[in-house]
1. Karplus couplings for region 348-353 from phi (6.51 cos²θ - 1.76 cosθ + 1.60, θ = phi - 60°), rounded to Hz, Gly and Pro as x?
2. With the dipole of the chain worked out from charges on the C-beta (+1 for Lys and Arg, -1 for Asp and Glu) around the Cα centre, which of ILE102, PRO181, THR352 lies farthest toward the positive end?
3. Would you kindly derive the ³J(HN,Hα) couplings of region 2-10 from the backbone phi angles with the Karplus curve 6.51 cos²θ - 1.76 cosθ + 1.60 (θ = phi - 60°), listing them in order in whole Hz, with x for Gly and Pro?
4. Dipole of region 96-248, Cα-centred, from +1 at each Lys and Arg C-beta and -1 at each Asp and Glu C-beta, to the nearest 20 debye?
5. Treat the count of other C-beta atoms within 10 Å as a stand-in for reagent exposure and order ASP317, ASP64 from fewest to most.
6. Positive end of the charge dipole of the chain (Lys, Arg +1 and Asp, Glu -1 on Cβ, about the Cα centre): tell me which of GLY339, VAL301, GLY129 has its Cα farthest that way.
7. Can you give the local net charge around LEU362? Use residues other than it whose beta-carbon is closer than 12 angstrom to its beta-carbon, Lys and Arg +1, Asp and Glu -1.
8. Which shape class, rounded, prolate or oblate, goes with region 55-100 when its Cα gyration tensor gives a ≥ b ≥ c as root eigenvalues, a/c under 1.5 marks rounded, and past that a/b bigger than b/c marks prolate?
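Where a number appears in this text, it was derived from the coordinates with a stated rule and is not lab data. For clarity, every value in this text was computed on a predicted model and none was experimentally measured. Virtual Cβ from ideal backbone geometry, glycine too; neighbours counted across all protein chains shown.
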Amino acid sequence: MQILVLGSGLMGPAAAYNALTDAQVAQVTLADKDAGQLAAAAARLRPLLVNPARLETTVIDLADQQATAALIARHDAVVAALPSAVIPLGVRATVAARTPWIDLSWPAESELPELKRLAAENGVLVIPGCGVEPGLTEIMARYVAEKLDRTDELHIKCGGIPAQPDGPLNYRIVFGGKRLPLREYDARIAKDGALRAVPRYSGVETLQVAGVGEVEAWHEGFMPWLLELDALKGIKLGTQKTVRWPGYAAKATVLRELGLLSLQPIDVDGVQVAPKHVVDAALYPHVRLREDERDLTIFRVEVCGEKDGFPRRYSIDMVDRYDERLGFTSMARVTAFTGAIVARMAARGAFTATGWVTPEKLLTGAHFQTLVAELAKAGVTFTETVEKTARLGGEEIGDQ
């Protein structure tokens, strides 16, 4: 098998490393437009590999669609670790090359109709949002929901945070890029089987995480495609919350209410500037993950409903930490490793589906077990619990 990884930032090198742990992978090509970043990533990766010759690098500009399609066609699957703005270029090239595309992220919503049409009409498998969130959160949501005869509630909490809170937001950018994941538009919840808007950063609740301490979680965006699953249709309540150190939501709310998260340009001394871009530029020095800093990922998916006539609550918990031996952030481990594992499965021909398919529709049954087993090999493990009650909340994550 040959795997192509597009992007050599925080996520791409971790995806390449994971793919190269598979003896059946003959070669991994790590590609990027930035030659300097690519060379630095390869120099850090090669000492970690048993056989560094299996890693190749190439500089590619996705705007050159012919060259990109030719590169993709030489591989059995693609892992995309790219900024959302260039994802459409990659998907178009992978459709031309007729090669499975596994994306750690998601393109802009305005691009979706065309990309979905291209994938479907050409019979090419495109798996978007195949990281930790979206990705593992929805995969685990389906897994636990299908344990119940009737699911009444689904609650997802996930987030990457610095191991030690520090700075004005007690936050570090752990996914990549220089822009904070701060948004002004409303979040979503599911209520009686339909999506409803709620103010972003509202619904704040505190959690006690074993070995970490107290964190907070607040409304983000409930993934609408979850409501397409039989186990979650008509769900009474569904929430998807982001985890941060306490105080983040209050500060983000102030920025939102002041209009500082707006992407609509305003005139500043004759110059058109988006307030959010100013905030990103001003805060980046305070939220950049430094070489000496460590991160961790907190993950909980829980459902409640009925099983065999009795109320039941199922939960899946995970706390993952920075990999000191390999030098990978926790966010890279849980995100990029997931994408790389699914890419290897696609390269082997494990999936018969084609078109635009979200990961929870594919990673069930034996495929789910393969994913969990491969993550466990990499040290990413989950704790599953069940209670004979419909009550939610109050437990310590990871302390079961």
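1. 7, x, 5, 9, 9, 5
2. Value computed over the given set: THR352.
3. Values, residue by residue: 10, 10, 9, 10, 9, x, 10, x, 6 Hz.
4. For region 96-248, the charge dipole is close to 160 debye.
5. So the ranking, lowest neighbour count to highest, is ASP64, ASP317.
6. In the chain, that residue is GLY339.
7. 0
8. rounded
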